[in-house]
2 protein chains.
Amino acid sequence: MSFVDILTRTAERVERRAEALLPLPAGPEGQVAAAMRHAVLGGGKRLRGFLVVSSAAIYDVAPERAERAAVALECLHAYSLVHDDLPCMDDDSLRRGQPTVHVKWDEATAVLAGDALQSLAFEILAHPDTHPDGAVRAALCLDLARASGQRGMVGGQAIDIAAETAGSPLSLAEIGRLQALKTGALIRAATRAGALLGGASVEDIEALDGYAEVLGRAFQIRDDILDVAGDPALAGKRLRKDAAAGKATFVSLLGLDEAARQADLLVAQATARLDRFGAVADPLREAARFAVARQS
Amino acid sequence: MSFVDILTRTAERVERRAEALLPLPAGPEGQVAAAMRHAVLGGGKRLRGFLVVSSAAIYDVAPERAERAAVALECLHAYSLVHDDLPCMDDDSLRRGQPTVHVKWDEATAVLAGDALQSLAFEILAHPDTHPDGAVRAALCLDLARASGQRGMVGGQAIDIAAETAGSPLSLAEIGRLQALKTGALIRAATRAGALLGGASVEDIEALDGYAEVLGRAFQIRDDILDVAGDPALAGKRLRKDAAAGKATFVSLLGLDEAARQADLLVAQATARLDRFGAVADPLREAARFAVARQS
């Protein structure tokens, strides 16, 4: 089976699990439930879900548990996209080839659906079905809360908006920090979630943390490359945004060729962090290669 | 010491703990940290924090633990206010006598500060300093997530907005359901948090749940009364909103006198639920009386 097949199958399993865990629209509050489903279901690579499932597979974690945690990470990711797409943030009307939540419904529904998706992520992780040991569930919640808060994803988005408002492009180091927070923190939390579910050793978790950190950087460089050189029809979202906004990115500072070269170097580094694991970590190794080869 | 003195002292302790737990503004993401502090610190009755601390006191929970959980509940409450005040929601510019976050900064900062406050609430609850037993921490997270999500607080706000958009006033039963979700769920979570920290029996938790449910209704009726008959200078927020918006409330449906009578009946019911507890539950009993006597 090719890697894309494995990725697709995993995405389908996570999708089915999400379908069951998301609230069904009912009553006057049903519109928010419908918006939550729109934001999470129906597409996307589910990279974060894949990382949870693949790191959990190293430890033979029961599929149901891994998939529940994968859905939690995807809900958290989806909430961040719904809020980032708002008019007061990045003001995007297209996502995964579909209208964004505030376009399909309205801004209030987008704010509320995002808020409820964040709550749902913690509800899923804290539920006994995710793991019988409360300490593991609490650790999952703590990790996700740190990755998503002011010192994580929200902090990264805040830096991004501040830079745009100030109109002074960021340096390479500043972009590195921004991206480590904005996308890196959640990618790391996804990989750690699988390890926590599997009762991984401190050394294993350190290795996986290192892998995820480097993977996150490679992933972001590829995003910057696709924003400049990608096909909007394949991406399912607006491209050329950063250049239009005069934003500094890895590509604007390094050029396309050097950015691609650095992404390849990072892939080699990421896979090297997995040397302590056997063939069971192959999906994670392939995920790193995929991160810099993908077209969307 | 009078009840207002006890309430004030508890609020001060929760305030100091919040001061220490909220991130300090630093770096380009510091504006979000400043907005989070603005939203949480400097005032408010801290009713939710008081309920956590007072229910925990029944079980002699260590003050630090109870205060951490109290701060988590206050962060969750503050996030809901920041988002509810947004132009696309209730569009309020004044809160606790201060400009709301989107007025003092901007809408993007208000969305992000609210998002980060929700994350922080779970980060605090999931941290080992809140309780040594991971199962208790996970239970606290699960409870809060349920109270805040689409089947809780967010669901209530969604019903509220849907009713306003539809322009058809709600019935008494519908308002009861709306308020049970919008404010009741979090008040119940606050009371439960203290009980969970204290290892309360199922019977105790049931009694406290019943108390909190009735208290939430009494609290909301008083809010509706204050919206009509309160002093804006004491309230520190815009009043007469519901009448201006043509919204059905307990007061518009029952009249001021009958609403006040029902609130008093609910106080009697709430305190009756506490009969199994001795004098140690007196602050909870007084909180119920305060809920319907307060001017702000």
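Residues checked against (1) more than 11 Å from chain B (Cβ to nearest Cβ); (2) under 20 Å from the mean Cα position of the chain (by Cα); (3) under 28 Å from B:Gly155 (Cα atoms); (4) not in a helix (DSSP H, G or I):
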position: A:Pro132; (1), (2), (3), (4): no, no, no, yes
position: A:Ala138; (1), (2), (3), (4): no, no, yes, no
position: A:Asp143; (1), (2), (3), (4): no, yes, yes, no
position: A:Gln179; (1), (2), (3), (4): yes, yes, no, no
position: A:Ile187; (1), (2), (3), (4): yes, yes, no, no
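Being surrounded by 22 or more Cβ atoms within 10 Å (Cβ to Cβ) and more than 8 Å from every other protein chain (Cβ to nearest Cβ) is the filter; apply it to region A:145-169 and report the residue that is farthest from B:Val154 (Cα to Cα). In this case the residue turns out to be A:Asp160. Each residue in region A:11-55 was checked for being free of Cβ contacts under 8 Å to residues at least 60 places away in the same chain and over 15 Å from B:Arg151 (Cα atoms), and 13 pass. Is it the case, given these coordinates, that A:Leu94 is over 17 Å from B:Val111 (Cα atoms), modelled with pLDDT under 95 and among the aliphatic types (A, V, I, L, M)? Considered against the rule, which asks whether it is over 17 Å from B:Val111 (Cα atoms), modelled with pLDDT under 95 and among the aliphatic types (A, V, I, L, M), A:Leu94 comes out as yes.
Here is a yes/no grid of residues against (1) closer than 30 Å to A:Ala139 by Cα; (2) modelled with pLDDT of 95 or more; (3) of a type in the set (Asp, Glu):
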{"site": "A:Ser201", "(1), (2), (3)": "yes, yes, no"}
{"site": "A:Gly210", "(1), (2), (3)": "yes, yes, no"}
{"site": "A:Gly230", "(1), (2), (3)": "no, no, no"}
{"site": "A:Ala233", "(1), (2), (3)": "no, no, no"}
{"site": "A:Lys247", "(1), (2), (3)": "no, no, no"}
{"site": "A:Leu253", "(1), (2), (3)": "no, no, no"}
{"site": "A:Phe277", "(1), (2), (3)": "yes, yes, no"}
{"site": "A:Glu286", "(1), (2), (3)": "yes, yes, yes"}
{"site": "A:Arg294", "(1), (2), (3)": "no, no, no"}
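Selection within region B:58-112: residues that are under 22 Å from B:Ala235 (Cβ atoms) and acidic (Asp, Glu). The member of this set that is surrounded by the most Cβ atoms within 10 Å (Cβ to Cβ) is B:Glu74.
Among A:Gly236, A:Gly194, A:Gly255, which is the only one that is in contact with a strand residue (DSSP E or B) (Cβ under 8 Å, 6 or more places away or on another chain) and among the small types (Gly, Ala, Ser)? Explain how you work it out, then say what you get.
Values: A:Gly194 fails: in contact with a strand residue (DSSP E or B) (Cβ under 8 Å, 6 or more places away or on another chain); A:Gly255 fails: in contact with a strand residue (DSSP E or B) (Cβ under 8 Å, 6 or more places away or on another chain).
Matching residue, one of A:Gly236, A:Gly194, A:Gly255: A:Gly236.
Just name the residue that is surrounded by the fewest Cβ atoms within 10 Å (Cβ to Cβ) out of those in region A:189-220 that are in a helix (DSSP H, G or I) and free of Cβ contacts under 8 Å to residues at least 40 places away in the same chain.
First, the residues of region A:189-220 that are in a helix (DSSP H, G or I): A:189-197, A:202-220.
Cutting the leftovers down to free of Cβ contacts under 8 Å to residues at least 40 places away in the same chain gives us A:202, A:205-206, A:209, A:213, A:216.
On the way: A:Val202: 7, A:Ile205: 16, A:Glu206: 14, A:Asp209: 15, A:Glu213: 19, A:Gly216: 24.
The selected residue is A:Val202.
Scanning region A:59-95 for residues that are away from chain B (no Cβ under 14 Å), farther than 20 Å from A:Ala147 by Cβ and not small (Gly, Ala, Ser) yields A:Tyr59, A:Asp60, A:Pro63, A:Glu64, A:Leu94, A:Arg95. Scoring A:Lys247 on the criteria (1) assigned to a helix (DSSP H, G or I); (2) touching a residue at least 24 places away in the same chain (Cβ under 8 Å); (3) more than 21 Å from A:Pro283 (Cβ to Cβ) leaves a single failure, condition (1).
Within region B:94-123, restricting attention to residues that are of a type in the set (Val, Ile, Thr) and in a helix (DSSP H, G or I), which residue is farthest from A:Tyr79 (Cα to Cα)?
Filtering region B:94-123 for residues of a type in the set (Val, Ile, Thr) gives B:100-101, B:103, B:109, B:111.
Keeping just the survivors that are in a helix (DSSP H, G or I) gives B:101, B:103, B:109, B:111.
Details: B:Val101: 21, B:Val103: 24, B:Thr109: 16, B:Val111: 12 Å.
Checked region B:94-123; the qualifying residue farthest from A:Tyr79 (Cα to Cα) is B:Val103.
The values are calculated or read from the model by the stated rules, or taken from the named source; none is laboratory data. Predicted model only: the values in this text are computed from it and were never measured. A quick note on method: Cβ atoms are made from the backbone with ideal geometry, for glycine too, and the neighbour counts reach across all protein chains shown.
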